[in-house]
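The values are calculated or read from the model by the stated rules, or taken from the named source; none is laboratory data. On a predicted model such as this, the values are computed, not experimentally measured, just so you know. Methodologically, a virtual Cβ is constructed for each residue, glycine included, from the backbone with ideal geometry; neighbour enumeration extends over all protein chains shown. Protein only, heavy atoms only, side chains kept; ligands, DNA and RNA dropped before computing areas. Shrake-Rupley method; radii C 1.70, N 1.55, O 1.52, S 1.80 Å.
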Amino acid sequence: MKPRFFFLLILPSFVVLISFMIFPMIYSWYLSFHDYNLYTPNRPMVFTGFDNFRQTLSDPIFYSSLSNTLIMMLFGLSIEFIIGFSFASILYSRLKQGRLSSFFRTIFMTPIALAPVVVGWLWRFMYWPKLGLIDLLTEAMGLRSLGWLTDPAIALVSVTIVDIWEWTPFVFLILLSGFQALPEAPLEAAEVEGASKIQKMRYVVLPLMRPVIIIALIFRSIQLVKFFDQVYALTHGGPGFSTYTISYYLYQIGLFRFEIGLASAASQLVNIIVIILVLIMIRMLRAGLQ
Amino acid sequence: MMLKSTHITSFVEYLTLLIGTIWVVSPIVWLILQSLTLRGYILELSLEKILSSLTFQNYALLFLESSILRYLRNSLLINGLSTLIVVIIGAMAGYAFSRYQSKLFENLKFWYLSTQMIPPICAVLPVFVMMIALDLVDTHQGLIWVYTATNLPFAVWMSAGFFEGIPKEIEEAFLVDGCTPFQAFLRMLPLIKGGLAATSVFTFLMGWNEFLFAFILTRFEAITLPVGLSQFKTIVGLEWGEMAAMGVFMLVPVIVLSAILQKHLIRGLTFGAVKE
C-alpha cells in the first residue's frame, strides 16, 4: 500500500489535534509574553517580554501551590502504592482468577467511575461538621471533631485522603493485572531454590513488576498535576491558600482574575515541569526494561 | 506451630481485604443513603432511623423541578457526537499507525500521546480565548470539538493496539480479493468491533465525567451534568439531597458500562499500556 494512503488516514485526526490542541498551546506561548486581561478585552495586548514569567516566579503562592501538589504526590502516591500493592498481592495469591476476583474488581471500580467533581462534593458532605459521616463516626466513638476542611493545618491532609480514596483502586487494579501477568517459571524456580516469601517478593516479583509499577506511577503523577475538580468542590483552595494545587492556582489567576497573560506564563512553566517529570520516569521505565 | 502462623497470616489478610472493602464502599453507601434522606440531612448514625426515614423525594424534586433533563440531553448530545467522531477518525489513524512502519509515524504516534500530558487547565486558557473569538462559548459545537481533541489520542492508541493483534495476512487476502486499500480497512473494522466498542464506551465516559472544560466553556444553554450538579449550591445553600441523587444518577450508567467492560478495563485505564 502506498504511504499516501496512510497519510490520508491520519489527516483528519491530525487536523483536529492541530486546531484544538497544538494551536492553543502555541497561542498560549504567545499570550504568555503579553499583558492581557479578559476583564478589559478591548484593550490591545501589550508585549511585555518576560514580565509574566518573572511575576510568576516571584509569587510565593505559585511555590506553595507547587509544593502542595508535590506533597500530595510524595505522601498520597506512597500510600496509594503501599495499599494497592498489598491488596493486589493478597488478592492474587488468595483468589487467583475466580468469580470473587471479578466481584472485587467491580467494587473497586466505583471510586474511579464516580465523576471527580462528584467525589469532591461527596467528601465535602462527609467532612461536614455535625452532619457528615466522619463527624458522626468520631462523635459515636467519643472523639473530638476536627476541622477537616476549615483548619489550615490539616485541610491538605483531608484533600489527600480524598485522592487516596479515589485512586488507590486504580493503582490496585493495574498492579493486580501486573500480578496476573507474571510468568510462572521464575517464581517456581525461586521456590525450588528455597526462597522465602519476602525474598521472592524482593528479587523476583518486584523486578518483573517494575514496568507496570512505573506505568501506574506516570499515570498517577500526571493525574495529580491535573488535580482540580475535587479541590474546586471541596475547599476552593482554602482556607487561605492551604489547599491550592497547581491546577487550582492556574484557574484562580486565569479564569477567576482573568489575567490570561500571567496565567499562560505560569501554565507554560507547569508544562515544562510535567515534561521533566515524565522524562525522568520514562528513563526509569527504559532502565527497568533492559 | 507452622499451621498456626499460616492461620494468622490468612486471618490478617482477610481482615485487610474486609477493611479495605468497607473503606472503599462506605462513601458510596453514604451517597446513596443521603440521596434517599429528606434534604440529605442524616442527623444520627442509627440504621433504624435512617431506614425508617427513606424517601424518594430528592429524586422527584430532581426530575420535576431542576434542569437535569436539559443537562442530560446536553451530556448525551455532546458526548455522543464527539465519541462518534473520535472513534471513526481514531480508528483510521490507529490503523495507519499499526500498519505503516516508519520513523516519522513512530514519532507522530508518540506526539499524539504527549498531548495527554498537558494539564487541562493549561489548555483551557487559550481554548477559552479562542472560543470567545469563534463565538462558540456555551454551544454544543464548542464542547464537541474540545472533547474530540482531548480524547482522540486515547482512541488512536487503543485502536492501534487492537489492529496490531490482527495478522497482516487477513488484509492481504482482502486486497487480493480486489478491495481498494480503504475497503480493506473498512472490512478490518468488524474484526476489532469488541475493541472499538470498549474504546467508544471509555471515550463517552471520560466526557460524561468531565468538569473543567464544561465549567469554563458553558454558561447556560450547553451545561452538562457535572457542571449542573455544581449549580445546586447557588439556590439556597447546598441542596445535598438533590446533589446526592444526581451523583447516584450519574454513577449508575458508568458502573453498568464498566462492569460490561471488565475484559478491556485495565487496557482502557492505561491507554493500552497494560494489556490483559
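Find the centroid of the Cα atoms in the range A:45-74 and in the range A:132-202, then give the distance between the two in whole Å.
32 Å
In peptide B:125-138, how many Cβ atoms from other protein chains are near each Cβ within 10 Å, on average?
Per residue, the average neighbour count from other chains is 5.
In debye, nearest 20, what is the charge dipole magnitude of chain B about its Cα centre with +1 on Lys and Arg Cβ and -1 on Asp and Glu Cβ, if you could check?
260 debye
Could you tell me what % of all Cα pairs in the range B:197-256 have separations over 18 Å?
Of the Cα pairs, 42 percent sit more than 18 Å apart.
Could you list the square roots of 5 times each eigenvalue of the Cα gyration tensor of the protein assembly as shown, that is, the equivalent ellipsoid semi-axes, sorted largest first and rounded to whole Å?
Semi-axes (√(5λ), whole Å): 36, 34, 25.
Residues of the range A:106-133 losing 50 Å² or more of accessible area relative to the isolated chain, 1.4 Å probe, heavy atoms only?
In the range A:106-133, residues shielded by partner chains: A:M109, A:T110, A:A113, A:L114, A:V117, A:V118, A:W121, A:L122, A:F125, A:L131, A:L133.
On average, how much accessible surface per residue is there in the protein assembly as shown, in Å², for a 1.4 Å probe, leaving out ligands, DNA and RNA?
Dividing the accessible area of the protein assembly as shown by its residue count gives 45 Å².
Choose one answer from A:K226, A:K197, A:K130: the residue with the largest mean-square fluctuation in a GNM of chain A with alpha-carbon springs under 10 Å.
Maximum fluctuation in the GNM of chain A, among the listed residues, is at A:K197.
For the pair B:V256 and A:F103, how long in nm is the line joining their label points, each one 7 Å along Cα→Cβ?
Result for the modelled spin labels: 2.4 nm.
How many partner chain Cβ atoms sit within 10 Å of a residue's Cβ in peptide B:22-31, on average, as a whole number?
Shielding by partners across B:22-31 averages 6.
Show me B:125-131, B:195-201, A:40-46 ranked by packing, highest mean number of other Cβ atoms within 10 Å first.
By packing density, highest mean first, the sequence is B:125-131, B:195-201, A:40-46.
For the range A:1-94, with only Lys/Arg (+1) and Asp/Glu (-1) charged at the beta-carbon, what is the dipole magnitude about the Cα centre, in debye rounded to 20?
460 debye
On a 0 to 90 degree scale, rounded to 10, what angle separates helix B:120-134 from the longest Cα axis of chain B?
Its long axis makes an angle of about 70 degrees.
Could you work out Rg/(2.2 N^0.38 Å) for the range B:69-122, with Rg from alpha carbons only?
1.54
Can you give the Kirkwood hydrodynamic radius for the range A:1-132, in Å, rounded to one decimal and based on Cα pairs?
The answer is 21.3 Å.
The range B:38-153: percent of C-alpha pairs farther apart than 24 Å?
Distances greater than 24 Å cover 54 percent of the Cα pairs.
Through the Karplus equation 6.51 cos²θ - 1.76 cosθ + 1.60, θ set to phi - 60°, convert the phi angles of the range B:145-158 into ³J(HN,Hα) values in whole Hz; use x for Gly and Pro.
Once θ is set to phi - 60°, the couplings for the range B:145-158 become 5, 4, 5, 4, 5, 6, 9, 4, x, 4, 5, 5, 5, 4 Hz.
Can you tell which of A:I134, A:Q55, A:Y27 lies farthest toward the positive end of the dipole of the protein assembly as shown, using +1 and -1 charges on the Cβ of basic and acidic side chains (Lys, Arg; Asp, Glu)?
With unit charges placed on the Cβ atoms, the residue in question is A:Y27.
What ranking, highest mean first, results for peptides B:213-221, B:173-181, B:97-105 when packing means the other Cβ atoms within 10 Å averaged over each residue?
Put in order of decreasing packing, that is B:213-221, B:97-105, B:173-181.
Would you mind computing Rg(Cα) / (2.2 N^0.38 Å) for the range B:66-270, counting N as its residues?
Dividing the Cα radius of gyration by 2.2 N^0.38 Å gives 1.16.
Within 10 Å of each Cβ in peptide A:150-162, how many partner chain Cβ atoms are there on average? Round it to a whole number, please.
0
If you place +1 on the Cβ of every Lys and Arg and -1 on the Cβ of every Asp and Glu, how big does the dipole about the Cα centre of the protein assembly as shown come out, in debye to the nearest 20?
Dipole size: approximately 800 debye.
Using the alpha-carbon atoms, what tilt in degrees (0 to 90, nearest 10) does helix A:23-32 show relative to the longest principal axis of chain A?
Roughly 60 degrees between the two axes.
Quick one: of A:K226/B:K193; B:K109/B:K168; A:K2/B:K263; A:K200/B:K263, which pairs are farther than 26 Å apart, Cα to Cα?
A:K226/B:K193; A:K2/B:K263; A:K200/B:K263, as the Cα separations exceed 26 Å there.
How far is helix B:2-35 tilted off the main Cα axis of chain B, in degrees rounded to 10, range 0 to 90?
Between the helix axis and the principal axis of chain B, the angle is about 80 degrees.
What does the convex hull of the Cα atoms of the range A:42-198 come to per residue, in Å³, rounded to a whole number?
251 Å³
Under the 0.36 nm per residue contour assumption, what length would be gained going from the current alpha-carbon distance of A:F5 and A:I22 to full extension?
3.7 nm
Using square roots of five times the C-alpha gyration tensor eigenvalues, list the equivalent-ellipsoid semi-axes of the range B:2-58 in whole Å, biggest first.
37, 11, 7
Projected area of chain A, taken from the Cα convex hull and averaged over every viewing direction, in nm²?
In nm², the orientation-averaged hull projection of chain A is 22.7.
Which value in deg cm²/dmol, rounded to the nearest 500, describes the helix-derived mean residue ellipticity at 222 nm for chain B, given -39,500 (n - 2.57) per DSSP H run of n ≥ 4 and division by the residue count?
Helix-only estimate at 222 nm: -24000 deg cm²/dmol.
Please enumerate, by chain and number, the aspartates and glutamates with C-alpha under 18 Å from the C-alpha of A:K130, excluding those fewer than 8 residues away in the same chain.
A:E139, A:D151, B:E44, B:E239
Cα centroid distance between the range B:53-80 and the range A:238-290, in Å?
Measuring centre to centre over Cα atoms gives 35 Å.
In whole Hz, what ³J(HN,Hα) sequence does the range A:56-64 give by Karplus (6.51, -1.76, 1.60; θ = phi - 60°), x for Gly and Pro?
3J(HN,Hα) across the range A:56-64, in whole Hz: 4, 5, 9, 8, x, 5, 4, 5, 5.
Residue by residue through the range A:126-138, which ³J(HN,Hα) values in whole Hz follow from phi under the Karplus form 6.51 cos²θ - 1.76 cosθ + 1.60 (θ = phi - 60°), with glycine and proline marked x?
4, 7, 4, x, 6, 9, x, 4, 5, 5, 4, 5, 4
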